[in-house]
1. Can you tell me which of Tyr179, Tyr184, Tyr249 is among the aromatic types (Phe, Trp, Tyr), farther than 24 Å from Val5 by Cα and open to solvent by less than 20 Å² (accessible area, probe 1.4 Å)?
2. I'd like to know if region 290-301 contains one or more residues that are in a helix (DSSP H, G or I) and either surrounded by 15 or more Cβ atoms within 10 Å (Cβ to Cβ) or among the basic types (Lys, Arg) (or both).
3. Considering Asp284, Asp278, which residue is assigned to a loop (DSSP other than H, G, I, E, B) and either modelled with pLDDT of 95 or more or more than 17 Å from Val154 (Cα to Cα) (or both)?
4. Taking the conditions exactly as written (assigned to a helix (DSSP H, G or I) and modelled with pLDDT of 95 or more), does Asp73 satisfy them or not?
5. Out of (1) of a type outside the set (Phe, Trp, Tyr); (2) on the phi > 0 side of the Ramachandran plot; (3) open to solvent by 40 Å² or more (accessible area, probe 1.4 Å), the odd one out for Lys173 is which?
6. If we keep just the residues of region 38-70 that are of a type in the set (D, E, K, R) and assigned to a helix (DSSP H, G or I), which is farthest from Tyr254 (Cα to Cα)?
7. Taking region 117-174, which residues are part of a helix (DSSP H, G or I), basic (Lys, Arg) and within 30 Å of Glu202 (Cα to Cα)?
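The values are calculated or read from the model by the stated rules, or taken from the named source; none is laboratory data. Because the structure is a prediction, the values reported are computed rather than measured. No Cβ is skipped: glycine too gets one built from the backbone with ideal geometry, and neighbour counts run over all protein chains shown. The protein model used for the area step is the full one, side chains on, heavy atoms only, and it has no ligands, DNA or RNA in it. Shrake-Rupley method; radii C 1.70, N 1.55, O 1.52, S 1.80 Å.
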Amino acid sequence: MGTLVHQNVQKYYSSRLDVSNSLQTSASCALPSRPIPASAFNALKLVHPKVCKNYSGCGLVVPEKLQGCKVLDLGCGSGRDCYVLSKLVGMSGHVIGIDMTEELVLASRKYIQYHQERFGFERPNTIFVHGYMEKLWETGIQGGSLDILVSNCVICLCPDKRAVLKEAHRVLKDGGEFYFSDIYSSKTIPQNLKRDPVLWGEGMGGCLYWRDLISLVREVGFTTPYLVTACHIVVHNSELQRKTGGINYASGTYRVFKLPKNPKQSDAVVLYKGTVPDHPDGLDFDVSHSFKKNVSVLIDAEMAAVLRYSRFSTDFSIQSSDNPAPGPKCTSQYCHLNPFLLADKLGPMKQCSSTGNKGGCDGRTSSYCNSNQC
């Protein structure tokens, strides 16, 4: 099934290379609930309009503190996110984009020199490679070589999610992060829907039931996922609505970390120093952890380990505590990780018009979305 799915997805997206508004849901058009950092906003404005036109992600995959990092974008598509990340990692960083659709890789490569010059870099810091995210070893990417992985609405297109996550875990350094946005379903997708090539191409046939994501990332060695933001996905096509029946869809952005073997584990009191760029007064790490500058917060052992071993270690003072950290403020297990509950809480999301979408309008005003800019 894997090879056939790959072929169908390649055909589906290569045929839509110059048709930005052809996808049948709002997944690539929702404005995010989190304010976009100024540095990312400014980077987006510098990306070539043609690259943005062909964008088809379902979120904004720009984590904090990227300067000097080595980043891999899984399923880079048009290259939009890669070029944003390229600006943010700077000349001392490096960005790799991988995609299995050769037409997309070739199209992305055309703009490497444009963005190098636009960003004022002496040399390119971005490359695009043709390959499969389940088989990163085939591209020569070494284990423990990357600081951050991102992906934007592509895991739902992959037939072997476990292989993708295992490879992501393998290539990350200890303390590294996988920051990803994807489509999730409100229940397990039936087999007959998984065989529908259009549903799969839209991310609706192959997406994970959100609870399955939690168990899967833990099984391959990552931390519990941290939910960053979410919004409901609107299905525009009446035929797809009929096929999927009572299944609802949401886009969710999560972050997971690769901790070293046998990490120090204890609840801790942490104090944010206000040193993460774009976040001088506070850092909203995820929906459950908001750190204000110079305000002590008691956190659980896993969250303390994430801060202790990740790139954020110098941004916090961390003191182990004998007092137990408070649990999530909800009644059922993992409800704080449910993208549907978060989407309900955040309320209706602004949408770009289905005919006026210029390839993703993350964090921008409606008039900007409907202009010819990125």
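1. The conditions single out Tyr179.
2. Yes, region 290-301 contains a residue that is in a helix (DSSP H, G or I) and either surrounded by 15 or more Cβ atoms within 10 Å (Cβ to Cβ) or among the basic types (Lys, Arg) (or both).
3. Asp278
4. No: the conditions fail for Asp73.
5. Only one criterion in (1) of a type outside the set (Phe, Trp, Tyr); (2) on the phi > 0 side of the Ramachandran plot; (3) open to solvent by 40 Å² or more (accessible area, probe 1.4 Å) is unmet by Lys173, namely (2).
6. Here the residue is Lys50.
7. If the condition is that a residue be part of a helix (DSSP H, G or I), basic (Lys, Arg) and within 30 Å of Glu202 (Cα to Cα), then Lys161, Arg162, Lys166, Arg170 are the ones that fit.
Let's see how each residue does on (1) part of a loop (DSSP other than H, G, I, E, B); (2) modelled with pLDDT under 90; (3) not hydrophobic (A, V, I, L, M, F, W, C):
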site	(1), (2), (3)
Arg311	yes, no, yes
Gly327	yes, yes, yes
Gln333	yes, yes, yes
Asp344	no, no, yes
